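No lab work stands behind these numbers, since they all come straight from the coordinates. Remember, predicted model here, so these are calculated numbers, not experimental data. Please note: Cβ atoms are built from the backbone with ideal geometry, for glycine as well, and neighbour counts cover all protein chains shown.
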C-alpha cells in the first residue's frame, strides 16, 4: 500500500505547477489539506505547487455567502484579519480559486436554501474578482455510522448534484472530489477518515489531492490538444 501511494504522489508532481497561483477556500476539510501540504513542503516536496489556503474550522457556506463580515460567526482570516470569501480571494492575488463549502451547514438538508447561498457566493466572488477562474469542489462524504438528521449522505449527494447543475448554469467548473473518497456503499471510506465521521486522514487527503492532480492533468492535455 505505501509503495503504491508513494508512486502515485511522485507521478503527480508534474501537475503541481497548475496550482501555483491558486487558492483553496473552505472549512476544516481544506484546512487539513493545507496542513498536510505545509508539512510536505517542509520535507522538500511540493504537493499542489505554491497554492495558498484560506480555510477555517467550522466555517459555513452561509458565512461565505455574506457581503460583509459577521463578527458573531466563524470567519476566514488573512494575515490575522477577518475577510469575506471575495475579499480573501482578492487579497491572495490568485488566478484560480477552488472552493469547498457546505458541510457545516448540513449540506443538502435544506437543499434550495443551500444552493441559493452558493449562487450568491459565486456571484459575489466573481464580481470582486473579474477574470478569476473559479472551480467549485463537491462536498466530501460522511462515514455511514456517523450520519445524523442534519448530516446524511443522501442529502450530501443531492447537494452535490444540485451544485453541479448550478455550476453548469453559471458556466463555471465543478469538480467531483467526493467519489474517490467513498467506499463500495457510497459513504466515506473509514480507512480515509481521521475521526470516523467526516474528517480526512493522510490517506484520504492523498486521495483528494490525486483527484486534483488528475483534473490538472486533464486540463493540460486539453490545452495541448487545442494547440
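Spatial offset of the range 125-163 relative to the range 36-60 amounts to 20 Å, using the alpha carbon center of each.
Determine the relative contact order of the range 17-226: mean sequence separation of Cα pairs under 8 Å and six or more apart, normalised by residue count, in whole percent.
Worked out over the range 17-226, it gives 19 percent.
Which translational diffusion coefficient, to the nearest whole µm²/s, is obtained for the chain from the Stokes-Einstein equation, given a Kirkwood hydrodynamic radius over C-alpha pairs, 10 °C and 1.306 mPa s?
Value of D from the Cα-based Kirkwood radius: 89 µm²/s.
Packing, as the average of other Cβ atoms within 10 Å across residues, places the peptides 88-94, 163-169 in the order 88-94, 163-169, highest first. The antiparallel fraction among DSSP beta bridges confined to the chain stands at about 25%.
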